[in-house]
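Novice: First the structure, which I've put down as structure tokens, then a few questions once you've had a look.
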Amino acid sequence: MPIKSFAASSATTPLGPFAIDRREPRPTDVEIDILHCGVCHSDLHFARDEWGMTTYPVVPGHEIVGRVTRVGAEVSRFAPGDLAAVGCLVDSCRTCASCRDGLEQFCETGAVFTYNGEDVHSGGVTYGGFSERIVVDDAFTLRVPDGLDPARAAPLLCAGITMYSPLRRWEAGPGKKVGIVGLGGLGHMGVKFARGFDAETVLFTTSESKVADGVKLGADTVVLSRDEDQMKGHTGSFDLIVDTVSADHDLNAYLSLLRRDGTLVLVGAPPNPQPIGVFGLLMPRRHVAGSLIGGLPETQEMLDYCGKHDIACDIEMIRMDQINEAFERMLRSDVKYRFVVDMASLKS
Ligand code: NAP
Ligand code: ZN
Ligand code: ZN
């Protein structure tokens, strides 16, 4: 039976109502009635085909929390009525070296992403969380810890894990100076995690209006990145900088802030190439790296960490029909700090 969703039908059309089908749950599937879905900047990049890889119509949304309605006969981890979550991944080969290492996002035969991925069960492409329901294999369904507000937990499924993973991998912690570039959905979780891991935490923002919030969210220092003097004051001092910026910006300004052997990790994904001056890397032996979301085990670890330490996202709840306006506000960096769609608004 068709269900309601919101889709973009071309790069230049706003998102609007669209009917999709979901498969009947297979023995290993979990069917989830979606309560909340976060709005990620990647949803905007995909809806407008800014990365040149969108298949239309596209139903975005990969920060999903909902209530389990049905489970297949072989599912033991979930029962109807449970809260469950789905992030950016819905399947992978499960046998390659990356899958065996719990890094399903790097599956060597190609992970299946929650939307715009190849739907191996129903044909066509996968459709994301801007919809009433989703049917996902049990192995790609996550548990939401008790005590976490479901709406504030939803953006953890992408924004949360995308920051948690590199901060763990590059060992943000006591004695380390860590920078987070950009205070948006990803950035605000980066500040919370870096602070939670006891690193000296510095936020870089272009928005003067976000300075006080940066401190409230946990930054020891907030630097206005367009102020050259403020930037220069930190030259050669960072162990790690995680850059979440979604648009063209000068990476070299951040490279110069790294100490010897320091690393600039790019998680933001501007559509255009970003030039890097080689000398800023040679001297003194700096690194540039990338990081993509996180695998299933680490995503569950991150959710459990958030449950234990009472960490969640700062959100502004919107109705599904406000999504196009939310995209425009996101482009103006006017979101504090993640839009979350109340999916009841799609059903009514
Ligand atoms: P967002 O909420 O829009 O935040 C991006 C922030 O970047 C803005 O709030 C702004 O912060 C800063 N910014 C925007 N334009 C800028 C410019 N021209 N120059 C300098 N700073 C600018 O977006 P998001 O959802 O956090 O996503 C950020 C990026 O990460 C997107 O490209 C998204 O596709 C990508 N992403 C990657 C992964 C991954 O796995 N690697 C996962 C999710 C998302 P200030 O106002 O503080 O300056
Ligand atoms: Zn995302
Ligand atoms: Zn694999």
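Novice: Once you put a point 7 Å from the Cα of residue 209 and another 7 Å from the Cα of residue 274, both along the Cβ direction, what distance in nm separates them?
Specialist: The answer from the label model is 2.3 nm.
Novice: For segment 160-290, what is the Kirkwood estimate of the hydrodynamic radius, computed as the reciprocal of the mean inverse distance between distinct Cα atoms, to one decimal in Å?
Specialist: 14.3
Novice: When the Karplus curve 6.51 cos²θ - 1.76 cosθ + 1.60 is applied with θ = phi - 60°, which whole-Hz ³J(HN,Hα) does each residue of segment 310-315 get, with x for Gly and Pro?
Specialist: 6, 10, 8, 8, 8, 10
Novice: What is the helix-to-structure angle for 296-309, meaning the angle in degrees between its Cα long axis and the longest Cα principal axis of the chain, kept from 0 to 90 and rounded to the nearest 10?
Specialist: Roughly 70 degrees, rounded to the nearest 10.
Novice: What does DSSP give for the chain in terms of the percent of beta bridges that are antiparallel, rounded to the nearest 5?
Specialist: Counting DSSP beta bridges with both partners in the chain, the antiparallel share is about 55 percent.
Novice: Using mean Cβ contacts within 10 Å as the protection proxy, how do 83-90, 197-204, 6-13 order, highest first?
Specialist: Descending mean neighbour count gives 83-90, 197-204, 6-13.
Novice: Can you sort 234, 121, 62 so the residue with the fewest Cβ neighbours within 10 Å comes first?
Specialist: The order, fewest Cβ neighbours first, is 121, 234, 62.
Novice: Hey, could you grab the Kirkwood Rh for the chain? Inverse mean 1/r over distinct alpha carbon pairs, Å, one decimal.
Specialist: 20.4
Novice: Pick out, in residue order, every one of the GluC sites (Glu not before Pro) in segment 18-112 that is DSSP loop and has at most 13 other C-beta atoms within 10 Å; say none if there are none.
Specialist: Answer in residue order: 74, 108.
Novice: Where does the charge balance sit around residue 116 when Lys and Arg score +1, Asp and Glu -1, over other residues with C-beta under 13 Å from its C-beta?
Specialist: Here the charged neighbours net out to -4.
Novice: Using helices alone, I'd like the mean residue ellipticity at 222 nm for the chain: each DSSP H run of four-plus residues gives -39500 (n - 2.57), total over residue count, nearest 500.
Specialist: Counting only the DSSP helices, I get -6500 deg cm²/dmol.
Novice: Give, in nm to one decimal, the length gained when the segment between residue 23 and residue 283 is fully stretched (0.36 nm per residue of separation minus the Cα-Cα distance).
Specialist: 88.1 nm
Novice: Would you pull out the residues with amide H under 5 Å of residue 286's amide H, same chain only if 5 or more places away, H placed 1.01 Å from N?
Specialist: For residue 286, the qualifying residues are 261.
Novice: Sticking with this one: What ranking do 292, 346 get, fewest neighbouring Cβ atoms within 10 angstrom at the top?
Specialist: Least to most surrounded, the residues fall as 292, 346.
Novice: In what sequence do 305, 127 fall when counting other Cβ within 10 Å, fewest first?
Specialist: 305, 127
Novice: May I ask you to evaluate 6.51 cos²θ - 1.76 cosθ + 1.60, the Karplus curve with θ = phi - 60°, for each residue of segment 98-115 and list the ³J(HN,Hα) values in order in whole Hz, giving x for glycine and proline?
Specialist: Result, ordered by residue: 5, 5, 5, 7, x, 10, 4, 5, 10, 3, 6, 9, x, 5, 9, 7, 4, 9 Hz.
Novice: Moving on to the next point. Thinking of segment 11-70 as a set of Cα atoms, what percent of all their pairs are more than 16 Å apart?
Specialist: 57
Novice: Ok, one more. Please give me the summed charge of the neighbours of residue 55: other residues whose Cβ is under 13 Å from its Cβ, Lys and Arg +1, Asp and Glu -1.
Specialist: Charge balance in the 13 Å sphere: -3.
Where a number appears in this text, it was derived from the coordinates with a stated rule and is not lab data. Owing to the predicted nature of the structure, the values given are computational and were not obtained by experimental measurement. Note that we place each Cβ from the backbone using ideal geometry, even for glycine, and neighbour counts take in every protein chain shown.
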